[in-house]
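The values are calculated or read from the model by the stated rules, or taken from the named source; none is laboratory data. What you see is a predicted model, and the numbers here were worked out from it, not measured in a lab. Positions of Cβ are backbone-derived with ideal geometry, glycine not excepted, and every protein chain shown enters the neighbour counts.
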Amino acid sequence: MASHDGSPPDLVRLDARVFGVVQGVGFRFWTMGQAEELGLAGEVKNLDDGSVSVVAEGPEPQVRKLLDWLNSDRTPGQVERVEDRLSAAEGGFRGFRAR
């Protein structure tokens, strides 16, 4: 997907922590599916405090779609809140994986 001037789109990185009932409910599997559908690279993993970490990189519009999904009522389990930060992509991922 190129921008109007023909240059590649800006790639961004989403670092998010998802809080609520998000472990043991298929949340990582569904998040990975959403990210793959959007063509994003990164990973999703459970954290010891019961939250889930999501790191995703790709074109900003696609990353924002994943963030919108994380904040929606369409996720498995029950999301109480999402803490997120967008920054420049670092490019360290190949594909998207659940850990």
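Taking the listed residues V54, V21, V25, the one that is β-branched (V, I, T), buried (at least 16 other Cβ atoms within 10 Å of the Cβ) and either under 19 Å from A89 (Cβ atoms) or over 14 Å from the mean Cα position of the chain (by Cα) (or both) is V54, with no other qualifying. The set of residues from segment 49-75 being more than 18 Å from L38 (Cα to Cα) and not polar (S, T, N, Q) comprises D49, G50, V52, D73.
The numbered conditions (1) at pLDDT 95 or above; (2) out of contact with any strand residue (DSSP E or B) (no Cβ under 6 Å at 6 or more places or on another chain); (3) at positive phi are all true for D49 except (3).
If only residues of segment 57-85 that are in contact (Cβ under 8 Å) with a residue 60 or more places away in the chain and surrounded by 13 or more Cβ atoms within 10 Å (Cβ to Cβ) are counted, the one that is farthest from L14 (Cα to Cα) is V79. If the condition is being touching a Ser or Thr at 6+ places or on another chain (Cβ under 8 Å) and of a type in the set (A, V, I, L, M), then segment 6-60 contributes V12, A16, V18, V22, V44, L47, V52, V54. Residues in segment 29-46 that are touching a Leu at 6+ places or on another chain (Cβ under 9 Å) and on the phi > 0 side of the Ramachandran plot: G42 alone.
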